Amino acid sequence: MQVDKQPKLTGKDQWVVLKRLLCYAIPHKKSISFAMLLLILTIVGSIAGPLLIQLFIDDYLTPLRFPKNEVLTIALIFIGIQVFIVVVSYFQLLRFQRIALKIIQQMRIDVFSKVQGLGMRYFDKTPAGSIVSRVTNDTEAIKEMFVSVIVTFLQAIFVILGVYIALFALNVKMAFMSLLLLPLILIIVVIYRKYSADFYQDIRERLSQLNAKIAESLSGMGMVQAFRQEDRLEAEFSAINEKHYRAGMRNIKFDGILLGPAIDLFYAGAIVFVLGYFGFLSLESPVEVGVLYAFITLIGRLFQPIQQVMQRLSIFQQAIVAASRVFKLMDDSDMEPEQQEIEHAEVQDGEIEFRDVTFSYDGKTDVLKNISFTAKAGETVALVGHTGSGKSSIINLLMRFYEYEKGDIFIDGVSLKAYPKAELRKKTGLVLQDPFLFYGDIESNIRLHDQGMSSEEVRAAAEFVQANEFIEKLPASYAQKVTERGSTFSSGQRQLVAFARTVATNPKILVLDEATANIDTETEVAIQASLEKMRKGRTTIAIAHRLSTIQDAELILVLHKGEIVERGSHQELIVQKGLYHKMYLLQNGILEDVIE
Amino acid sequence: MKVLFRLGWFFKQQKKQYSIGIAMLMIVSLLQLLPPKIIGTIVDDITAGELTSTGLTKWLVILGVAGILMYIARYYWRVLIFGSAVLLSRTMREKLFNHFTRMSPSFYQKRRVGDLMAHATNDINAVQQTAGMGVLTLVDSIATGGFVIAVMAITINWKLTLIALIPIPLMIILTSYYGKLLQKRFRFAQEAFSNLNDKTQESISGIKVIKTFGQQQEDIHDFTNLSNDVVDKNLRVAKIDALFDPTITGVFAISYSLSFFFGTKFIIAGDMSIGDMIAFSTYLGLLVWPMLAFGFLFNIVERGNASYSRIEELLSVVPDIKDVPGAIDAKPEGDLHFDIDEFKFPGDDRAALHSVHFTLKRGETMGIVGKTGSGKTAILKLLLREFEGYKGSIIYGGKPINQYKQQRLRESIGYVPQDHFLFSTTLAENIAFTNPKIAVEKIHEAAALAHIHEDISGFTEGYDTIVGERGVSLSGGQKQRVSIARALIMQPELLILDDSLSAVDAKTEEAILESLKQTRTGETTIITSHRLSAIQHAHKIIVMYEGTIVEVGTHEELIDLAGKYKEMYDLQQLEMLVEQGGEG
């Protein structure tokens, strides 16, 4: 289980993050204004209700005077307002949700686009799980903020404003005194915020420790049992569980002291206060009981949104932390290598030249040292060598997955860096060692996102690489579902689909990383035949694990520790009796004369 | 509601907490009835001009005291009821965890870690909700709701009460229905989110393919479509979620309108006072929560019941392998006689082992070689008693291994598995896994034997270096050597190295084997390996092929035999040459 470290944010950092977050709301200005208007209307309506009742009590009920028309008007207005609130508040709630969802969608698309533009270096140093977390989970935490926190904050502000306006309209003196409530409420909110941040952080950490412990124990149970550590593990778990429990209890007690019960206590105090004021006032001069009723009802309305705000402070805190992580990714500068484009540079023949290329992933150890070779147009160059010899690095550079500094690579005499990216992608086709199939069906895996490709073209490509034979035997043929990276297909079948996918784009240059995984003999034959067909008329750079597949290559480069140690055709290399010769014997199981 | 009975054992255990907690809740619901009544009385006194300052002061003091009492009671029922619920989740989690530690390997083969995690988190959460919110909503809806209605009916006007209550069932039905709908739609929204998650995961894993085909824009477009679906599904949730507030407002507005309309009539008729009216409408406000709680209750309990069943099902699984009655409570020592006529893994028709017979004398080292799937690991799994149900016998120290207590058998065996699993704690703790209190020197000694001491000393934090995702990531070879040290520290009677030198270079391998030879003179060792150099010096080597022994002997004997072993040996010699760049 991935546990991301929580960055510690200062107040200022938090403010910067919040501002940047709110920028995402700017495109929705109009929509937000409208939703706010609806929000204000519902609040006005909900305040008007008690006021109407006050009017009714003081002007009609107390004197027991019921002129039909006037009372009917009041009743109709009251009912009208209620219907209005019900309808408008529904649309207001919905609209805020829609805006929040849209904002998060935009943010997700932005993060995802950013990720797509990052260079392979970033993917090497960052675990996939943590990138996924940024795109989905962190943005989800931010969504909670937009969905529930911001609206609640706005609502609280408007309700407080509205209630006080109404109170002032009813009784200026009493309203002034009620203003005293505000600093009291503010104090409790500030205290709550100060401590709750720590408490919530604590319980979240305890929870993640708890879950990490369960996850680790479940995966390592074999070891625990083999070494008879069940009792110790149980004790350790019990201790973590206990700490989590204590944190939970602390939270309940803390919330109990400052949250719900405290707000209710405030409300009770406010009632005592209002009743006392009006009561003692009535001893001297007559008071309107309707106003008393309205005061009590309206002040009651103050407390609900405040409690909601307090409950949601922790969501807010989490969202800010999540957002700071998301923004960190968005500000990452490990981008794809840049092209210094020459306009209209086009790959014509596909001649490839590596000239004195030296390359290092980490800037310390060179994985390629002074690599020079030429693959003439239409010819095949095979790369052989042990794991870590540098074969894959050559391909990585040719595919522009990584930037190189020393030496240069040319296609048709023009530096690789000078071609527009799209041109390179169009003219070079790469087949990976472990062919990656996407969720979808066979056809979509051959076509990928190229909607311009017809079904006929897809089939033609599959036929060309002889993938059609196995595809047509599938129950749904080309529409056969591909799930979980194609795990239902054999690696040979996946390889064939990947071939078809590459052939379909008709590249000038073919880059092959041969599969090492076990391929059943039946598919193996098909793969060999299609490889041969694919290479015709294309410049091919191929990593070969099985030497039998590249015997007809024009040039074979034998790599060892980043250097080309042998080069030549199959025949030449066999005669040399060097490393290639030994590899050849090994693969063919010929053992005589070698070991002494 | 069934789940509340099923949780009876816990309520009984927490009898005191729950009864005091519920009593507190009742006190709150009773005290809550005071303010409206007092407001009504004061209003009536004001209109009648009968209010006196002492009377007023008395009422205000009562109100204030009631407020403080409610604060206290509210605090305590939270601590008692919610606290008990947290305790329940702690208890259940511990029960489940302890159950997990007793389960046999086959249990883990059948279930995914992710699913087990879900039970330990989500299901326990739902049960906690039942014991907390479930109890709260039950008490609140019945007690508070009941008290408020009773007071309205008895002290104010029973006719008006009935009239005001007419629309309430509508709210209960609607909100409960929304709750159900919400759950369903929420699931869809979660699915959409998890699709988006999968898509992101896939794009990142397949980033090379996407880059190769220059289809970043198209992939972003695809992502956008999926995120549209997320928005749609969430909006469908919002459409229901946004219904709650307006419905409550609407239903209570009807209630208010009805009560004012008829209340006015009663006032005109002289059956009620204005103060009564105001008190009545305040009481009505107090009914919102209990009625809402009534709707929630069903959903909480339903979810809790399903989760509780899932947990109980898991807890009812019995381990496959148990100690026999009267099992030997002694550590097995001595010679090992392995006589298996046939063994099949559960659910597999093919025999994993057939006619495998060998004897290993105490103090000897045996090597097992063979391809993947030839039966090497099956032999070890039977020795470790991870599986049973074979034809034949395994005698260790004169007794069949299943006659010993499992714990005692494991005490004799130091096992180093293929997939070296280290815990995310310090290196020292990983090595001292079997005995955390062991002397530091012993840890260093074991590490030195496994030739990892120097590597560890090279780390800035030394033996305190944390391993795993949150710490240093070790190379495969280093991990293997740490797991070897972990097994060596217990000085096992029988050491099993299951292909656990594969990622270690040839020189280190030789050094480790040499130190094993030096220190383990009286104890038995079994080594399986792909690489023959690891078993070359064993007293006895068996060559496995398709589940049975095809060749037995020492290295020299097997080379002379010129069979499978010799073939493997020659190939590996050549392979080594190639790895070294041809200049062997």
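Quick notes on this one:
- Restricting the range B:199-217 to residues that are farther than 12 Å from A:Met120 by Cα and outside any helix (DSSP H, G or I), the residue that is nearest to the chain's Cα centre (by Cα): B:Gln215
- Within the range B:34-71, being more than 8 Å from chain A (Cβ to nearest Cβ) and under 53 Å from the mean Cα position of the chain (by Cα) holds for B:Leu34, B:Pro36, B:Lys37, B:Val61, B:Ile62, B:Val65, B:Leu69.
- Hits in the range A:545-596 (condition: assigned to a loop (DSSP other than H, G, I, E, B), at pLDDT below 80 and not acidic (Asp, Glu)): A:His545, A:Arg546, A:Gly589, A:Ile590, A:Leu591, A:Val594, A:Ile595
- Selected residue (only one of B:Leu87, B:Leu63 is crowded, with 19+ Cβ neighbours inside 10 Å, touching a helix residue (DSSP H, G or I) at 6+ places or on another chain (Cβ under 6 Å) and over 26 Å from A:Arg228 (Cβ atoms)): B:Leu63
Residues are listed down the side, and each one gets a yes or a no for (1) surrounded by 18 or more Cβ atoms within 10 Å (Cβ to Cβ); (2) without any contact (Cβ under 8 Å) to a residue 24 or more places away in the chain:
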position	(1), (2)
B:Glu202	yes, yes
B:Thr224	no, yes
B:Asp232	no, no
B:Ala238	yes, yes
B:Val251	yes, no
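Residues checked against (1) within 14 Å of chain A (Cβ to nearest Cβ); (2) in contact (Cβ under 8 Å) with a residue 12 or more places away in the chain; (3) on the phi < 0 side of the Ramachandran plot; (4) among the basic types (Lys, Arg):
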position: B:Ile496; (1), (2), (3), (4): yes, yes, yes, no
position: B:Ser515; (1), (2), (3), (4): no, yes, yes, no
position: B:Arg520; (1), (2), (3), (4): no, yes, yes, yes
position: B:Arg531; (1), (2), (3), (4): no, yes, yes, yes
position: B:His539; (1), (2), (3), (4): no, yes, yes, no
position: B:Val543; (1), (2), (3), (4): no, yes, yes, no
position: B:Gly553; (1), (2), (3), (4): no, yes, no, no
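- Residues that are more than 21 Å from A:Pro183 (Cβ to Cβ), outside any helix (DSSP H, G or I) and not β-branched (Val, Ile, Thr) do not occur anywhere in the range A:291-305.
- Taking the range A:104-181 and the helices (runs of 4 or more DSSP H) fully enclosed by it, the elements with 2 or more residues that are in the same structural domain as A:Ile32 (by TED's automatic domain parsing) and closer than 30 Å to B:Asp232 by Cα are at A:128-133, A:139-144, A:150-170.
- Counted residues, the range A:413-429 - those being more than 8 Å from every other protein chain (Cβ to nearest Cβ) and either of a type outside the set (A, V, I, L, M) or not in a helix (DSSP H, G or I) (or both): 8
- The requirement of being within 14 Å of chain B (Cβ to nearest Cβ), of a type in the set (Ser, Thr, Tyr), assigned to a helix (DSSP H, G or I) and crowded, with 19+ Cβ neighbours inside 10 Å is fulfilled nowhere in the range A:437-455; no residue meets it.
- Long-range neighbours under 6 Å by Cβ, at least six apart or interchain, first residue assigned to a helix (DSSP H, G or I) within the range A:200-225, second basic (Lys, Arg): A:Arg206/A:Lys243
- Qualifying residue in the range A:243-256 (condition: of a type in the set (Lys, Arg) and more than 16 Å from A:Tyr192 (Cα to Cα)): yes
- Qualifying residue in the range B:10-17 (condition: under 30 Å from A:Val287 (Cβ atoms), part of a loop (DSSP other than H, G, I, E, B) and more than 11 Å from chain A (Cβ to nearest Cβ)): no
- Condition check for B:Thr508: assigned to a helix (DSSP H, G or I) and either touching an Asp or Glu at 6+ places or on another chain (Cβ under 7 Å) or assigned by TED's automatic domain parsing to the domain that holds B:Tyr396 (or both): yes
- Test for A:Gln209: is it surrounded by fewer than 19 Cβ atoms within 10 Å (Cβ to Cβ), polar (S, T, N, Q) and either assigned by TED's automatic domain parsing to the domain that holds A:Ile240 or within 28 Å of the chain's Cα centre (by Cα) (or both): yes
- Qualifying residue in the range B:514-524 (condition: closer than 22 Å to B:Leu384 by Cα and either outside the structural domain of B:Lys376 (by TED's automatic domain parsing) or modelled with pLDDT of 90 or more (or both)): yes
- Residue count for the range A:380-401, restricted to those that are part of a helix (DSSP H, G or I) and either touching an Asp or Glu at 6+ places or on another chain (Cβ under 9 Å) or free of Cβ contacts under 8 Å to residues at least 40 places away in the same chain (or both): 4
- Taken together, the criteria exclude B:Thr519 from residues that are polar (S, T, N, Q), in contact with a Ser or Thr (Cβ under 8 Å, 6 or more places away or on another chain) and under 23 Å from B:Lys437 (Cα atoms).
- Scoring B:Gln480 on the criteria (1) crowded, with 24+ Cβ neighbours inside 10 Å; (2) of a type in the set (S, T, N, Q); (3) over 27 Å from B:Ser424 (Cα atoms); (4) out of contact with any strand residue (DSSP E or B) (no Cβ under 7 Å at 6 or more places or on another chain) leaves a single failure, condition (3).
- Here B:Lys239, B:Lys233, B:Lys265 are screened, and the one residue that is under 30 Å from A:Leu61 (Cα atoms), basic (Lys, Arg) and in the same structural domain as B:Ala164 (by TED's automatic domain parsing) is B:Lys265.
The values are calculated or read from the model by the stated rules, or taken from the named source; none is laboratory data. Treat the numbers as computed from the prediction; the structure is a model and nothing was measured. Cβ sites come from the backbone with ideal geometry, for glycine too, and all protein chains shown count toward neighbours.
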